[in-house]
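These notes concern the structure reproduced below.
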Amino acid sequence: MTEPLLQISKLSAGYGIRRVLHGIDLEISRGEWFSLLGPNGSGKSTLLRCVSGQVTPTSGTVLIGGACVSRAPRDAKRLLGYAHPPERLPGLLTGEQCLEIYAAAHDLPAIDPEVLDLAEDFRLRPFLNQFVDSYSLGTRQKLSALLALLGNPSLIVFDEAFNGLDPASSLVLKHHLQERIHSGRCAVLLATHALDTVLSYSSRAALLLDGGLARTWSQVELDSMRTGNPGALEVAMAQVASAS
Amino acid sequence: MRGTFGLQRNPAWLRRRVLLRAWRLESVNRIRARYSSWQLATALLGVTGVLAWLVTYWGPSFVSLAGRHLISTGIVLALQSALLTNHGRKKWTEYYSQGWLATLPLDRQDCKTLVALRTCWPPTAVLIVITVVLLAAVLSARITDGTVFPVAASCAVGTCGGILMGWWLPQRDPAIPLPASSLVHGRLGGMPALAALSGWPILQTKVWLRPRSIARLMLVALGLPMDVSGNAAVAILWTFIVGLYLVVLLRATIEVAGQGANWLRPTPLSFARFAWAVLRYPILKQLLWSGLTTGMLVALGMNPFEALSLAELWLAIFAAVSSIALVHAHGSTQMRLKILVSICCLTAIETVKHHIALPCALVFSGWQLNRAARS
């Protein structure tokens, strides 16, 4: 069995005295698309921020490719591609400058041609020489996705990355991610509310409730929902939520 | 309703009260979210200390300089107030026309009143601080030659004139600061670099302090009669604008340190590379323009020893504050407290012993940055 790409064990985190996550255990392997579901305020974004090293856990560990995010952040982050929320992109840089800085931060000799091709597919190229401040929500979201994909990361972390994207671009991005996953180059961790995306693309999913993992769904369970009753995931989520 | 003189029942007043209440709650909550009571008390003590130091150490020489150039002092204050007012008017007009209160059923007049109040508040606060400092100087008998009241009057007239000038001057252009073409390299796929990160603080400064806005004010100011020769007038305005630029550049460096760190934290970029990329252009600009400003202050009649000491103190503050901002890139309360304490300590050190603050600040900054890079 291959070693998991992302290993989270007994993770607890919070902001000040407010505890947001407690006792999270999770493993994701290369070639998996793992979706994280949960109501607003359940801790999805905080979990992703712990994985990307933006929030320091109060206890527990996060390992990416065996490197601890808090003890060996550079080794861990070499394998990580994190898509920032659109409002956190620097408004006073152009899209091109953002790509350049990210590529330099990853010590790349040039911006990945694959990412530039994706920019072309997104119809983003004409916007790349404009300030991010002038971008619409969807355009920012596209740039954020491109930045996350730079440097061929092994673990791609998206926080509601398809919000605001037009359907065509959303489909392009999903297919691109699927292609990367099927070739075994990476794993995707996606926090989302879009159940159709979970059913169509995810290999596993989990429901986060009140800072803890309340339920996980395996590939087989998702497959059966996909072929049988597409509404079953929604019902299952509601049942778990009401039971807790 | 006794004692309210009918204000509580006046519909216009009730509507305006909603906006005033929103303003008050936002301000109070912003302070409460950032600072605890003891931090506020410490900050108050720090500010009082700095003001006391200003009065005792620099007060007499500044008042005598201002007393010799009363109209120029007024004009400098007018320029500053005009900049604050012009910026504030645009900001608050946008806020009340497009923000979360824009859809409330309020009269335009109510919003205009609030825009005016919030716009005039910063220059008025500056005038209040100056007045308090001057009063303290008189009461503590540090200045006795009777120049204080003409200076205070000149500041008051300048501030009021500046507010009017800033209010009626054309508004800054919205949103995009510079034409994109001036920044485009046209080399997508070339060698990536952090050059854009280095240019970010300078660009941020340009956005906050547009040369065009200052040029408009300069034109207005140069049209006014001054009590000094033309050369001295230009020198005074030049010193004011460069001083403003240096302060805004420091603020921009803090801003970029925070925003850049938040944005680049999930990448494997090392702290040392990040810090160098953010700081290298601001360091160069601060050194260059501080040196030139020192020369200009000397040319204006300031004691060279004091002018040099002032420049050293400013560079020391820049070194300490920018390194603190880089280390605490989240803009936390701890960062703000550290900045305040370091400014107070550096000013105290420079007061006690000249030419010591800068080496102290450099050692402190080096130690801090090195520790952050290692961790």
Lone unmet requirement of (1) at pLDDT below 90; (2) within 9 Å of chain A (Cβ to nearest Cβ); (3) outside any loop (DSSP other than H, G, I, E, B); (4) more than 30 Å from B:G295 (Cβ to Cβ) for B:G260: (1)
Looking only at segment A:116-157, and only at residues there that are more than 12 Å from chain B (Cβ to nearest Cβ), in contact with a strand residue (DSSP E or B) (Cβ under 9 Å, 6 or more places away or on another chain) and outside any helix (DSSP H, G or I), the one that is surrounded by the fewest Cβ atoms within 10 Å (Cβ to Cβ): A:N152
So B:S342, is it of a type in the set (S, T, N, Q), within 23 Å of A:G16 (Cα to Cα) and modelled with pLDDT under 90: no
Flag if B:A329 is small (G, A, S), within 22 Å of the chain's Cα centre (by Cα) and not in a helix (DSSP H, G or I): yes
Any hit, segment A:77-97, residues being more than 29 Å from A:Y135 (Cβ to Cβ) and modelled with pLDDT under 90: no
Those residues of segment B:89-103 which are in contact with a Cys (Cβ under 9 Å, 6 or more places away or on another chain) and either exposed (fewer than 14 other Cβ atoms within 10 Å of the Cβ) or over 27 Å from B:T159 (Cβ atoms) (or both), in sequence order: B:S97, B:L101, B:A102
Unique match (being more than 22 Å from the chain's Cα centre (by Cα) and among the polar types (S, T, N, Q)) among B:T351, B:T347: B:T351
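Residue-wise test of (1) of a type in the set (S, T, Y); (2) closer than 23 Å to A:R180 by Cβ.
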site: A:L11; (1), (2): no, no
site: A:G23; (1), (2): no, no
site: A:N40; (1), (2): no, no
site: A:S52; (1), (2): yes, yes
site: A:G65; (1), (2): no, yes
Per-region count, segment A:84-97, residues more than 7 Å from chain B (Cβ to nearest Cβ) and either buried (at least 24 other Cβ atoms within 10 Å of the Cβ) or among the aromatic types (F, W, Y) (or both): 1
Test: B:L183 is within 14 Å of chain A (Cβ to nearest Cβ) and modelled with pLDDT under 90: yes
Counted residues, segment B:63-83 - those being under 19 Å from the mean Cα position of the chain (by Cα) and within 26 Å of B:G146 (Cβ to Cβ): 8
Residue within segment A:65-79 that is in contact (Cβ under 8 Å) with a residue 24 or more places away in the chain and facing another protein chain (nearest Cβ under 7 Å) present: yes
Odd one out for A:L165 among (1) in a helix (DSSP H, G or I); (2) more than 10 Å from chain B (Cβ to nearest Cβ): (1)
Selection status of B:W121, modelled with pLDDT of 85 or more, surrounded by fewer than 20 Cβ atoms within 10 Å (Cβ to Cβ) and aromatic (F, W, Y): yes
In segment B:276-295, residue farthest from the other protein chains (Cβ to nearest Cβ) [restricted to those that are of a type in the set (A, V, I, L, M) and buried (at least 20 other Cβ atoms within 10 Å of the Cβ)]: B:L279
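The values are calculated or read from the model by the stated rules, or taken from the named source; none is laboratory data. Here the structure is a predicted model, which means the values were calculated and not measured. Glycine gets a Cβ as well: all are built from the backbone with ideal geometry, and neighbour counts include every protein chain shown.
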